[in-house]
1. Go through (1) more than 9 Å from chain B (Cβ to nearest Cβ); (2) among the aromatic types (F, W, Y); (3) out of contact with any Ser or Thr (no Cβ under 9 Å at 6 or more places or on another chain) and name the single condition A:W286 misses.
2. Kindly indicate whether any position in the range A:299-313 is in a loop (DSSP other than H, G, I, E, B), under 10 Å from the mean Cα position of the chain (by Cα) and within 12 Å of A:L101 (Cα to Cα).
3. So is A:A200 touching a helix residue (DSSP H, G or I) at 6+ places or on another chain (Cβ under 6 Å), part of a helix (DSSP H, G or I), under 13 Å from A:A99 (Cβ atoms) and small (G, A, S) or not?
4. For the range A:206-234, what are the residues that are among the hydrophobic types (A, V, I, L, M, F, W, C), surrounded by fewer than 22 Cβ atoms within 10 Å (Cβ to Cβ) and more than 12 Å from chain B (Cβ to nearest Cβ)?
5. Within the range A:179-189, identify whether any single residue is over 14 Å from A:E102 (Cβ atoms) and not aromatic (F, W, Y), and answer yes or no.
6. Does the range A:182-193 include one or more residues that are closer than 25 Å to A:I270 by Cα, surrounded by fewer than 17 Cβ atoms within 10 Å (Cβ to Cβ) and at pLDDT 85 or above?
7. Which condition breaks for B:G221 when tested against (1) part of a loop (DSSP other than H, G, I, E, B); (2) within 14 Å of chain A (Cβ to nearest Cβ); (3) farther than 26 Å from A:I155 by Cβ?
8. Would you pick out the residues in the range A:256-276 that are more than 11 Å from chain B (Cβ to nearest Cβ) and either among the aromatic types (F, W, Y) or free of Cβ contacts under 8 Å to residues at least 12 places away in the same chain (or both)?
Amino acid sequence: MKLARFLVKRLLLIPIILLGLSLITFGISHVIPGDPVKLAAGPQARPDQIIKLTQEYGLDRPLPEQYVRYISNLFQGNWGYSISNKRDVFHDLVTYFTATLELTLVSTLIGLVVGIPLAIISARWRDRWPDHAARFVSIGAVSVPVFWIAIILQIVLAQNLHWLPVSGRFDPRANYPTTHTGLLLIDTLLAGNIPAFFTALRYIIMPAFCQSLLVIALITRQLRGDLLDILRKDFVLVARANGIPERRIWTRYLMKNALIATISQLGFLIGFQLGGAVLIEYVLDWPGIGQYALKAALLLDFQPIMGATLFVGFIVVIVNLMTDVVYRLVDPRIGFA
Amino acid sequence: MSLNPLSEIPSTSSAPPLLVTNSEPQNRLTRWLKDHASQLSDIRRGLFRFSRNRLSMIGVVIVLLGLLIAITAPLWVPYPDDVTGSVNMSIRLHPPSADHLFGTDDAGRDVFSRTIMATRISFEVGVIILLVAITVGVFLGAIAGYFGGWINQVIMRFTDIMLTFPGIFLALAISAALGRGVLNATLALSVTWWPGYCRLVEAQMLKMKEEDFVAGARALGAGNLRIIFRHILPNLLTAIIVKASMDFGFAVLNLAALGFIGVGVLPPEPDWGSMIAAGRRFIPISWWYSTFPGLFMFITVLGFNLLGDGLRDLLDPNATVR
């Protein structure tokens, strides 16, 4: 019952947030000094063509009218067309988003597999060399400029050692697998196409590793702090006094409590990553939503900019809500207030 | 200092009466020291703990070196002309040597000089971004948390909206819309940076305003503004400083990211991001062009993050027990 009220309260906020997002984005994309129509019409366009296109896009109307029309079109499933590639924005968004989703899932997996042991080692041997090493790794991971490390990895792993492909999502010479979910790693497995699976895997390793640096850093930092907090709690002392083996204290008593805050941190990280890793996708040519948004922003292509912001904003809001619900279900002490 | 109550007794009993202590100006210092003994010993203990943490000390050294470089670079940089965009095509893309530590770029300019000078502009912009973000964020967060009600709703929902923009995307859209250049990039990053501080201050404010000392100040007739700015905010100073020290490195990284994409600092002005982007075209043969500016930036940001992490460990009240 409390859960229902909590959900209703939070769901009612979503339209407000999206309205705000759309207003701000519309504002920014319509004060642009550049002229998207000239861009669309091309350099050889005659003045009358430009006037015609301006009318076609409705750019001669007053701004509030343009905004209302844009929003009502959204609800009818018409997200507009990209001026640069003439494709339907919504269709593009879904395609590009699945690539970002795949990247996010893999990098989060890497982040957890590396981050959780790192945090445990760090907390277990606090202020000894394993702790220093683990902290150095996690702080170093957020200090690296991702676009730089991506370039360095490209030089070393792809161009010098030829271990991994230089960039992209799939071998352009190979047959692109039929898509069901849009996630290549899963689609290739579903089709039973093992070589294609490994091709897709080779392509995703480099971008996913670059992306996972942030996950590793934040997960390690959060979990280490929580573990150290809980280690001081009385129930740990009691458990030790009762002679419960240290291994059991860590698995049964500590991890269960400490992972709660990590769940909320993880939710934030997933939402953040689904917004698109602009720089990684740009450098390593991963066809994700960040790359899509970047191209649109540089070309001042306003319908894709609007569409991408609202699409990603909606997803971030939903992910945050889901995180809050899971967080409260796992830890009943917090409650749905 | 005064942990042992027994050690206090002889000193207090042998001290001259209050009247005498006041008459001698030199004793005001000793009195001040005595009044603040517990804070001073806290600080001393903190500094000691901080200095024992090798990672934090590495951070301090890197940050101090970085600041020194940022301030003094124009005085000793080996090729000052290269910073403003001179062209020497005869020594184009030379590998690192004794003359050019980091090699030369595609216009024959010294990469070392440009990397060093980029520290200056990065730090300037980082400081401006944080100052703007802290001023706006703290002010809005304090008001939202203190007054609550609909004021809180309006400010915090607006903050939520700003936080919903994915990553660097809002900054990117703003700088693309306003046009390229360092000023617009600074503005864009400042706009995206304040919500974090707003959230932090609002959450603390909600807790703090229920404390007894606030009720006491109000009972003595202090107004709302006085309570917020004189009584509550000083208590949040450490939290804000810790966050700022962690944020500075990220601000520098984000400025470089905008430069890398081409909407930040404009060439020929030196900037780590735009240098890495320019060098990318000459990889893999002229590897030094992208590598060294990135490495230099990495170490600088690492320094700030190590320092920030150490500070957080030290000042975070939840993490003080050893």
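1. (3)
2. no
3. When the stated conditions are applied, A:A200 passes them.
4. Result: A:F209, single match.
5. Among the residues of the range A:179-189, not one is over 14 Å from A:E102 (Cβ atoms) and not aromatic (F, W, Y), which makes the answer no.
6. no
7. (2)
8. A:K256
The values are calculated or read from the model by the stated rules, or taken from the named source; none is laboratory data. All values derive from a computational prediction rather than experimental measurement. Reconstructed Cβ throughout: ideal geometry from the backbone, glycine too, with neighbour counts over all protein chains shown.
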